[in-house]
Amino acid sequence: MQGVFITIEGVEGSGKSTQLLRLSERLRRLYLPLVVSKEPGGTALGREVRRLLLEPHDCGEAWCPDAELLLFYADRAQHLEQVIRPSLAEGKVVLVDRFEDSTRAYQGASGVSDSALDRLGELVLRGLRPHLTILLDMDPEVSLLRVNSRNQALGPEFAETRFDGAELDFHRRVRKRFLAIAQAHPNRVALIPSRATADQVEAAIWLRVAPLLRNAGFSVDP
Ligand code: TYD
């Protein structure tokens, strides 16, 4: 049996973590062979790259857009080699929090050209695409408020990640790029508005995931 590759995407605060947890718990209850991972940081080396990308630097310098792009792809290449490709070859369900669409949305919004994104994507992915991408869509004005109140509730020691502090304008461009990806790949991308309740969003996600798994030969009816 060939594995199933599912990714989950969205702007910060769109409810991605909650829904990823709910979906993975549901799949575990069905005893499906499951691998849950994330980018950046799905491998031990990737976690080092993640730290380089997202934690503040003592030197005060910032990555230029091309260097940042290459670091995200270094993390992805390692993740594909160590986790994603072998797990799919073993017939597992691979659920990944952020993947290439995040690069196209975020680094594209930072000014990286589409042709650079295309070339690097081709080099690293070698044609591998998720069978399904769940895109949780929300207005960044609302989602960033959720991120800020969540961070405040956690206390001052929970420094924001670098992108969380970025301008609302940037996040609006990110959302626009995600929506353009969904429009360009309607068969792969399930666009799910995430302002509904968590239960409603979970149900909408399951409506897309269940048939995919059934078609792949998994038993999804408890
Ligand atoms: P993370 O703490 O995982 O945020 P979230 O909970 O929102 O997923 O941080 C990942 C950050 O990295 C997030 O701001 C999006 C960004 N990112 C990119 O800019 N490009 C990429 O290719 C990926 C995978 C993530």
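Any idea which of (1) hydroxyl-bearing (S, T, Y); (2) over 13 Å from the mean Cα position of the chain (by Cα); (3) closer than 18 Å to L132 by Cα is the one T43 doesn't satisfy?
(3)
Among the residues of segment 201-217, write down those that are touching a residue at least 24 places away in the same chain (Cβ under 8 Å) and of a type in the set (G, A, S).
Result: A216, G217.
Would you mind telling me which numbered condition in (1) modelled with pLDDT under 95; (2) in a loop (DSSP other than H, G, I, E, B); (3) surrounded by 15 or more Cβ atoms within 10 Å (Cβ to Cβ); (4) of a type outside the set (V, I, T) P130 fails?
All conditions pass for P130, except number (1).
Any chance you could count how many residues in segment 4-18 are on the phi < 0 side of the Ramachandran plot, open to solvent by 10 Å² or more (accessible area, probe 1.4 Å) and within 12 Å of the chain's Cα centre (by Cα)?
3
Report every pair of residues separated by at least 6 positions or lying on different chains whose Cβ atoms are under 7 Å apart, first residue within segment 20-42 and in contact (Cβ under 8 Å) with a residue 24 or more places away in the chain and of a type in the set (S, T, Y), second open to solvent by 30 Å² or more (accessible area, probe 1.4 Å) and within 16 Å of the ligand (Cβ to nearest atom).
S24/V36
Look at E81 and say whether it is under 25 Å from Q2 (Cα atoms) and either among the small types (G, A, S) or open to solvent by 20 Å² or more (accessible area, probe 1.4 Å) (or both).
Criteria met by E81.
Please go through segment 63-88 and pick out each residue that is within 12 Å of the ligand (Cβ to nearest atom) and either in a loop (DSSP other than H, G, I, E, B) or of a type in the set (D, E) (or both).
W63, E68, D75
Which residues, counting only those in segment 22-62, are within 12 Å of the ligand (Cβ to nearest atom) and crowded, with 17+ Cβ neighbours inside 10 Å?
Of everything in segment 22-62, those that are within 12 Å of the ligand (Cβ to nearest atom) and crowded, with 17+ Cβ neighbours inside 10 Å turn out to be S37, K38, E39, P40, G41, G42, G46, V49, R50, L53.
Among the residues of segment 102-118, write down those that are open to solvent by 50 Å² or more (accessible area, probe 1.4 Å) and of a type outside the set (D, E, K, R).
Those that are open to solvent by 50 Å² or more (accessible area, probe 1.4 Å) and of a type outside the set (D, E, K, R): G111, S113, S115.
The values are calculated or read from the model by the stated rules, or taken from the named source; none is laboratory data. Please read all numbers here as calculations on a predicted model, not as lab measurements. Cβ: placed from backbone, ideal geometry, glycine included. Neighbour counts: every protein chain shown. All accessible areas refer to the heavy atoms of the entire protein, side chains included, with ligands and DNA or RNA removed. Shrake-Rupley method; radii C 1.70, N 1.55, O 1.52, S 1.80 Å.
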